[in-house]
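Reading through the structure tokens given below for one structure.
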Amino acid sequence: MRAALVGVDFGKGDFAASLDELSLLAKSAGATPATTITGKRASPDAALFVGSGKADEIAQAVSEEQLDIVIFNHALSPAQQRNLERHLKVRVIDRTSLILDIFAQRAQSHEGKVQVELAQLQHLATRLVRGWTHLERQKGGIGLRGPGETQLETDRRLLGERVKVLRGRLAKLRRQHETQRRARERNHTFSVSLVGYTNAGKSTLFNALAKAGVYAANQLFATLDTTSRRIYLQGAGNIVVSDTVGFIRELPHQLVAAFRATLEETIHADLLLHVVDAASPVRMEQIEQVNMVLKEIGADQIPQILVWNKIDAAGLEPAVEHDEYDRIRRVFISAQNGAGLDLLRLSIAEIARCESTSQMPDAAISETDSARI
């Protein structure tokens, strides 16, 4: 599927890095980016987001290059999406829909599929606008629609009923997670969760630490389902390590809400390993984005170590960095070749020992504490 990528520079953040990320997202979803169209605006156009002139430019590219889809690097309103599709004569999706589509492809577990479907339905609910061609009054249908109910009203009601069912399932899954967590707490098992920007190398690190076979690939959102493993650390005993879904800038709120059952594994961790791609030129912005989502789910107060991964690509050496109070700030590793993993294990064990004696140091740091390299 050949796609046109569209980005508008509103003068905020790293525009080029955001476009590169959109290209990776499109490829992850199975599209082939054929052209990229950019523009600058002070604010979005109410009707077409990009304005009529830029919309004509996109339409010309679609026609000349025979493109199948146009992907916007922004969140579009239902009206803007509908107007653009009429103007461009092809399917138009926004960043939110693109991420939801990737999640739908990658979800493997029952829980992951339920969470993705719920997020998709909540997003679809905002798209049920009066642009339908079959809004004439329907006669009473058997078992489904009442007398005089329009197709749109029927779809909204059925969608609402499905959302209610899915929320019930997620509530049940959340209770099961809570039972498992209470069992771990009774056994005084130290828990560690890996968090970080998507494609930072969390699953590769998880596999290296836990000797697990979790799917790891150089693509966005390779991991959706939380996986936990019990491992033994010299000096700390048994601990539980969990791999979690990656975060991304402008992560759709529907996904954060739907994946709360998964992300609660993060909320209840004793320590977060915040995995950072040390070779990324926008790593500081990515750290900030992850910390924003952690705050949104209530995990911003959990002790945190920044794990600077991919040091081989960044030209760095394995090391442990402490602050002026001798608290562990950062650990530099390469999960791919194993460099620095022994230092990371020692750092986790040190914090676990302190926690077991109720003297756990505050390892939490923010992106502003991290000196640029």
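Summary of values
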read-out	value
Matching residues, segment 334-344, being open to solvent by less than 30 Å² (accessible area, probe 1.4 Å) and touching a strand residue (DSSP E or B) at 6+ places or on another chain (Cβ under 6 Å)	Ala335, Gly340, Leu344
All positions within segment 1-16 that are among the hydrophobic types (A, V, I, L, M, F, W, C) and open to solvent by 20 Å² or more (accessible area, probe 1.4 Å)	Met1, Phe10, Phe15, Ala16
Single match in Lys89, Lys40 (criterion: farther than 21 Å from Gly246 by Cβ, out of contact with any helix residue (DSSP H, G or I) (no Cβ under 8 Å at 6 or more places or on another chain), exposed (fewer than 14 other Cβ atoms within 10 Å of the Cβ) and at pLDDT below 95)	Lys40
Hits in segment 266-282 - residues which are outside any loop (DSSP other than H, G, I, E, B), at pLDDT below 90 and in contact with a strand residue (DSSP E or B) (Cβ under 7 Å, 6 or more places away or on another chain)	Thr266
Selection count, segment 286-313, where residues are in contact (Cβ under 8 Å) with a residue 12 or more places away in the chain, surrounded by fewer than 17 Cβ atoms within 10 Å (Cβ to Cβ) and touching a strand residue (DSSP E or B) at 6+ places or on another chain (Cβ under 9 Å)	1
Per-region count, segment 314-339, residues without any contact (Cβ under 8 Å) to a residue 24 or more places away in the chain and in contact with a helix residue (DSSP H, G or I) (Cβ under 8 Å, 6 or more places away or on another chain)	1
Near pairs, Cβ below 8 angstrom, 6+ apart or cross-chain, from segment 103-119 (surrounded by fewer than 18 Cβ atoms within 10 Å (Cβ to Cβ)) to any residue that is aromatic (Phe, Trp, Tyr)	none
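Yes or no, residue by residue, for (1) closer than 17 Å to Leu263 by Cβ; (2) among the charged types (D, E, K, R):
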position	(1), (2)
Arg283	no, yes
Asn291	yes, no
Gly298	yes, no
Gln304	yes, no
Ala314	no, no
Glu317	no, yes
His322	no, no
Asp326	no, yes
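The values are calculated or read from the model by the stated rules, or taken from the named source; none is laboratory data. This one's a predicted model, so the numbers in the text were calculated from it and none came from an experiment. As a convention, Cβ positions derive from the backbone with ideal geometry for all residues, glycine included, and neighbour counts pool all protein chains shown. Note: areas computed on protein heavy atoms with side chains; ligands, DNA, RNA excluded. Shrake-Rupley method; radii C 1.70, N 1.55, O 1.52, S 1.80 Å.
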